[in-house]
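Chemist: My questions will all concern the structure given below.
The values are calculated or read from the model by the stated rules, or taken from the named source; none is laboratory data. It should be emphasised that the depicted structure is a prediction, and the values quoted were computed from it without experimental measurement. Every residue, glycine among them, receives a Cβ derived from its backbone with ideal geometry; neighbour counts consider all protein chains shown. Remember, those area values only see protein heavy atoms, side chains included, never the ligands or the DNA or RNA. Shrake-Rupley method; radii C 1.70, N 1.55, O 1.52, S 1.80 Å.
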Amino acid sequence: MAAEVMLMNEIEATAAQMGIDMNIDFSSIQLPPGENCGIISDDDDVYHDDQLEFDSGFGNVIVVDNLPVVPREKFEKLEGVIRKIYSQIGVIKEDGLWMPVDPETKKTLGYCFIEYNTPQEAELAKEKTHGYKLDRAHIFAVNMFDDFDKYMKVPDEWAPPEIKPYTPGENLQKWLADEKARDQFVIRAGTDTEVLWNDARQSKTEPVYKRTYWTESFVQWSPMGTYLATVHRQGAAVWGGADTFNRLMRYAHPQVKLIDFSPGEKFLVTYSSHEPSNPRDANRVVINIFDVRTGKMMRDFKGSADEFAVGGAGGVAGNSWPVFRWGGGKEDKYFAKLGKNMISVYETETFSLIDKKSLKVENVVDFSWSPTDPIIALFVPELGGGNQPARVSLVQMPGKEELRQKNLFSISDCKMYWQSNGDYLAVKADRYTKTKKSTYTGFELFRIKERDIPIEVLELDNKNDKIIAFAWEPKGHRFAVIHGDNPRPDVSFYSMRSTHNLGRVAKLTTLKGKQANALFWSPGGRFIVLAGLKGFNGQLEFFNVDELETMATAEHFMATDVEWDPTGRYVATSVTSVHEMENGFNIWSFNGKLLYRILKDHFFQFLWRPRPPSFLTPEKEEEIARNLKKYSKKYEAEDQDVSMLLSEQDREKRRMLKEEWEKWVSEWRRAQEEEKLERQKLRDGEASDEEEEYEAKEVEVEEVLDVSEEVLSFEE
């Protein structure tokens, strides 16, 4: 510190000798308007957003009326009550709560002003607390401060409202009409989030939109790809547009940690968990459900973390996620939550419980909805030491009618898997052996769409095999199971339709000793990737289930994720930042050909943009599949044009390299000629530049362009 003072004293002394006044008011120095000295500020975007959010007049101020009128000695107590109520909804600014006092009586006037950080928080506070009953005599009347100006300008005589001309909004599905029929994906690496086209024909990506610090934790597509959601300290936001990504709506929820869309994209669920003031208490959980388009909060749920921690497969701080599971298909009619000895099912018309009461199920531990129908499958474990068997029940909503029940004996664990069309339900049941010292696994297969919902039991050839993975074929009748012991388990394929279609499950084949621990079906079925993630170092096998043959084997070293694009044409494998090396992603064709690879440091996320369901009928899709050659001629011609363009680009690249080489040789020959006399002088006049005899040889290089195998049958 002393050295700094001495240095400053020296500077001031030198300035005094030179006649320079060091008492400068730097805040008074202003650049001319529009001048930035060629340096663009990094804060412009942030400043613009902040102005939109905070500099909005009095849009973030509410007026709360019908408060108790109290003397000064009770003023602090009333202020504490009001602050406690309204600080739960949003962040109140410092000195943002003001209760006027009558100067004569020294009592409050029965109303107050509250200023929030954002207009969204103020709107939410008005919506949540208007009509709030503090006690019998005091029911809050809450208005936005800006509304008073509007009310004061109401004319004495009625006039018909002005009819504004219709202005169409942006086409949020424009990306689906891409002329090249490409798909988009989003990636997060470092501080950047990018949306890109997958231009597989050109073996590269094409940028769509890029933004730094677009989200504070993760991004998530809505189920049909209309919106991209981002997460921030103040809440969540959704983005979309015809040609770029504009912010469409914000959802105020301080410290939001998780989000979830309903299947039909109508609603957004947000979740936060807050530390208690008393360390012995459980975390406080807040869950809000918003209308995606309007941003209006439809319902909120609050409670301790213990209330939301029943069942589920994982989440934050021991809580399962999603807490609410959606049912009824794309119509978003119902959502449900697992509770102690009950399942609470809500309908979205009123956001209240069906029949105003929960479905009582003693000791229920898990449930799941059919992907297409309002049917709940629930699991109840054994009770009374095995005297009361475990059971799986199917319950129809909204009538809560039990459609089918299956009792299960000696059950240690159970997991339910729905087929994507809701045609089948597979229940993986882990059972104890007679000695209770070990377990074995079997499957209970429900045929949901058939009369009386028949159930079939399936046991593996070796019923002691451990089940590593299970997956239904999307929109199909087949399923795959990885079973056995690591490091080389087996993979078996089954069909719910036997050869003679007798309604019996049939095994198609078993692949022995595969380095796989995960299954990834193509969205269109037929093809599957057998992946060895984590300990298997990214082994990949692309398998055709129709032909029961391997199309290709490959490796993406240390791969952590595998995801098919929504059309089933391409597969992305990625290495995220859980590994320090080789971060980035690979794009493969459906049959296992590596198309291109992109490396990205600190790579966090890769997500294909989902597509909405096709408007084509199943019959039309089947007709297109039968006449695929007719439809494919157009695309084959386009592929040929692209191939010719790539060949032309390749030839142009080789020509330029050849010209560059010849130019380099020519320059060296010219330099050699210019220095010839100097070299002769150094060699005492001896000329040694004549080329020695040489022999030219032609070398042929063969390149394999394609390899095909054909099995020929020989008749004796």
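Chemist: Ranked from the most accessible area to the least, with a 1.4 Å probe and all protein chains present, what is the order of THR244, THR167? Intermediate values should be presented prior to the final figure.
Modeler: Numbers: THR244 50, THR167 105 Å².
Result, largest first: THR167, THR244.
Chemist: Which order do MET416, MET496, MET581 take when ranked by solvent-accessible area (1.4 Å probe, heavy atoms of all protein chains), largest first?
Modeler: Ranked list, largest accessible area first: MET581, MET416, MET496.
Chemist: For region 514-528, take each phi angle, set θ = phi - 60°, evaluate the Karplus expression 6.51 cos²θ - 1.76 cosθ + 1.60, and give the result in whole Hz per residue in order, putting x for glycine and proline.
Modeler: Per-residue couplings from phi come out as 9, 7, 9, 9, 8, 10, 9, 6, 5, x, x, x, 6, 10, 9 Hz.
Chemist: Something else now. With θ taken as phi - 60° and the coefficients 6.51, -1.76 and 1.60, list the Karplus ³J(HN,Hα) couplings across region 428-433 in order, rounded to whole Hz; mark glycine and proline as x.
Modeler: Each residue of region 428-433 in turn: 7, 10, 8, 10, 6, 6 Hz.
Chemist: Also, quick follow-up: Could you compute how much accessible surface VAL704 exposes when probed at 1.4 Å, giving the result in Å² to the nearest 10?
Modeler: 120
Chemist: Give me the percent relative contact order of the chain, please, defined on Cα pairs under 8 angstrom at least 6 residues apart.
Modeler: In percent, rounded to a whole number, it is 6.
Chemist: Would you grab the residues whose amide H sits under 5 Å from the one on LEU408? Only those 5+ places off in sequence or on another chain, please, with H modelled 1.01 Å from N.
Modeler: ALA390, ARG391, VAL392
Chemist: Now a separate question. Using a probe of 1.4 angstrom, how much of the accessible area of region 155-207 is carbon and sulfur, in percent?
Modeler: Using a 1.4 Å probe with all protein chains present, region 155-207 comes out at 53 percent carbon and sulfur.
Chemist: Which of the GluC sites (Glu not before Pro) found in region 346-387 are in a DSSP loop and have at most 12 neighbouring Cβ atoms, other than their own, within 10 Å?
Modeler: Working: sites: GLU347, GLU349, GLU362, GLU382; in loops: GLU349, GLU362, GLU382.
Here the GluC sites (Glu not before Pro) that fit, given the DSSP loop and packing criteria, are GLU349, GLU362.
Chemist: If we sort 212-218, 58-64 on the protection proxy, mean other Cβ atoms within 10 Å, highest first, what's the order? Mind dumping the intermediate values first?
Modeler: Values: 212-218: 14.7, 58-64: 21.0.
Top to bottom by mean Cβ count within 10 Å: 58-64, 212-218.
Chemist: Residue-wise, which Karplus ³J(HN,Hα) couplings in Hz belong to region 607-617, taking 6.51 cos²θ - 1.76 cosθ + 1.60, θ = phi - 60°, and x for glycine or proline?
Modeler: In residue order, the calculated couplings are 9, 5, 7, x, 10, x, x, 5, 7, 6, 6 Hz.
Chemist: Moving to a separate point now. Return the long-range amide H neighbours of ALA469 (sequence gap of 5 or more, or a different chain), with a cut-off of under 5 Å between placed amide H atoms.
Modeler: ILE482
Chemist: Hey, another quick one. Taking the full set of protein chains and a 1.4 angstrom probe, give the accessible area of HIS274 in square angstrom, rounded to the nearest 10.
Modeler: Roughly 40 Å² of HIS274 is accessible to a 1.4 Å probe.
Chemist: Given LYS106/LYS128; LYS126/LYS302; LYS406/LYS463, which pairs have Cα atoms separated by over 28 Å?
Modeler: LYS106/LYS128
Chemist: Over the heavy atoms of GLU450, what accessible area does a 1.4 Å probe trace out, to the nearest 10 Å²?
Modeler: Surface accessible to solvent at GLU450 totals approximately 90 Å².
Chemist: Just by accessible area at a 1.4 angstrom probe, what is the order of ASP601, ASP300 from largest to smallest?
Modeler: The residues order as ASP601, ASP300, largest area first.
Chemist: Percent of accessible area on region 215-360 owned by carbon and sulfur, 1.4 Å probe? It would help to have the intermediate numbers written out before the result.
Modeler: Values: 3050 of 6310 Å².
Roughly 48 percent of what the probe reaches on region 215-360 is carbon or sulfur.
Chemist: Rolling a 1.4 Å sphere over the protein heavy atoms, what is the accessible area per residue of the chain, to the nearest Å²?
Modeler: Ligands and nucleic acids excluded, the result is 62 Å² per residue.
Chemist: Quick query: amide H of ASN171 versus all other amide H atoms, modeled in the peptide plane; which residues come in under 5 Å with a sequence gap of 5 or more or a different chain?
Modeler: Under 5 Å from the amide H of ASN171: ALA242.
Chemist: Another question about this same structure. Just to be sure I understand, if you calculate Kirkwood radius over Cα pairs in Å for this structure, which of (1) 32.3; (2) 36.5; (3) 46.0 do you get?
Modeler: (1)
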